[in-house]
Amino acid sequence: MTSLTRRSLITGGLTLLGTSTLIACAPRAQPPTSTAPGTAGTAGTADALDAKARQLLSAHGIQATTAEDAVTALDRVPQQRPLALTGSVGYDQVVLADDTDQVTVPLTGGRFYLSAAPYRTQTHECYHHNLGGCQGELTDTPIHLTVTIDTGQTLIDEDTTTYANGFTGAWIPRDLTGTVTITAAGTTASTRFDSGPDGPTCLTTLHLT
């Protein structure tokens, strides 16, 4: 199974592979509408958040001025998931929601948010990364992350650490395809990615072996 070819997801919760535990994560929905896809290798100015979005984020202790900052900050909240505030990330929008409010925030800066969760014994199926719902197995774990596109260019080659949700996240140009590789403690996993309109923002098939 790869995250680019698997399309049959469970509605209303996602099953850990090999277990019956349900995860509050985001299966594939209808593709978000986009009228101006980003150009590969370029990025425009990130969107400023409107007052409603800033208010919703602030109510949960997150201060951000742009949509990209909000995505990054929510993904890095140092708590196990689920959180009271969720955020489903698509190609050109993020949907922020809590028990009382929901705000759709456009992502028109020309960049794509790619989230990846390496694992050793268990994972979950996902398509649109839920910033406040997805929980990976390996939290606060040192890893080496490499993102390479099909032309051979390396976009990211760095040491980093997974967040409290077990993910690492990166902003990359839209409309590219390539490979994500994660190495941790002498083990390695790779999977394909697609930063186009139909590509997943959540990669959970990186089995470290």
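What to note about this one:
- Conditions (1) in contact with a strand residue (DSSP E or B) (Cβ under 9 Å, 6 or more places away or on another chain); (2) surrounded by fewer than 16 Cβ atoms within 10 Å (Cβ to Cβ): number failed by Asp198: (1)
- For Cys25, the criteria (1) open to solvent by less than 60 Å² (accessible area, probe 1.4 Å); (2) over 22 Å from Ala170 (Cβ atoms); (3) in contact with a Leu (Cβ under 8 Å, 6 or more places away or on another chain); (4) at pLDDT below 95 hold in every case but one, which is (2).
- Taken over segment 65-76, the criterion of being among the β-branched types (Val, Ile, Thr) and under 14 Å from Thr168 (Cβ atoms) is satisfied by Val71, Thr72.
- Within segment 146-164, the residues that satisfy the criterion of being in contact with a strand residue (DSSP E or B) (Cβ under 8 Å, 6 or more places away or on another chain) and not hydroxyl-bearing (Ser, Thr, Tyr) are Val147, Ile149, Asp150, Leu155, Ile156, Asp157, Glu158, Asp159.
- Cβ separations smaller than 7 Å between residues 6+ apart or across chains give the following pairs from segment 143-157 residues that are closer than 17 Å to Ser115 by Cα to residues that are assigned to a loop (DSSP other than H, G, I, E, B) and open to solvent by 20 Å² or more (accessible area, probe 1.4 Å): Ile149/Leu176.
Matching residues to (1) among the polar types (S, T, N, Q); (2) crowded, with 24+ Cβ neighbours inside 10 Å:
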| position | (1), (2) |
| --- | --- |
| Asp99 | no, no |
| Gly110 | no, no |
| His129 | no, yes |
| Thr139 | yes, no |
| Asp150 | no, no |
| Thr154 | yes, no |
| Thr161 | yes, no |
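- Restricting Pro118, Pro106, Pro142 to those that are more than 25 Å from Asp157 (Cα to Cα) and not aliphatic (A, V, I, L, M) reduces the list to Pro106.
- Within segment 38-81, the set of residues being of a type outside the set (A, V, I, L, M, F, W, C), open to solvent by less than 60 Å² (accessible area, probe 1.4 Å) and modelled with pLDDT of 95 or more comprises Ser58, Thr66, Glu68, Thr72, Asp75, Arg81.
Residues checked against (1) under 20 Å from Pro78 (Cα atoms); (2) among the hydrophobic types (A, V, I, L, M, F, W, C):
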site: Ile143; (1), (2): yes, yes
site: Ile149; (1), (2): no, yes
site: Ala164; (1), (2): yes, yes
site: Leu176; (1), (2): no, yes
site: Asp194; (1), (2): no, no
site: Asp198; (1), (2): no, no
site: Thr205; (1), (2): no, no
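The values are calculated or read from the model by the stated rules, or taken from the named source; none is laboratory data. Quantities reported herein were computed from a predicted structural model and do not represent experimental measurements. Note that we place each Cβ from the backbone using ideal geometry, even for glycine, and neighbour counts take in every protein chain shown. For the accessible areas, the whole protein counts, side chains as well, though only heavy atoms, and no ligand, DNA or RNA atoms are used. Shrake-Rupley method; radii C 1.70, N 1.55, O 1.52, S 1.80 Å.
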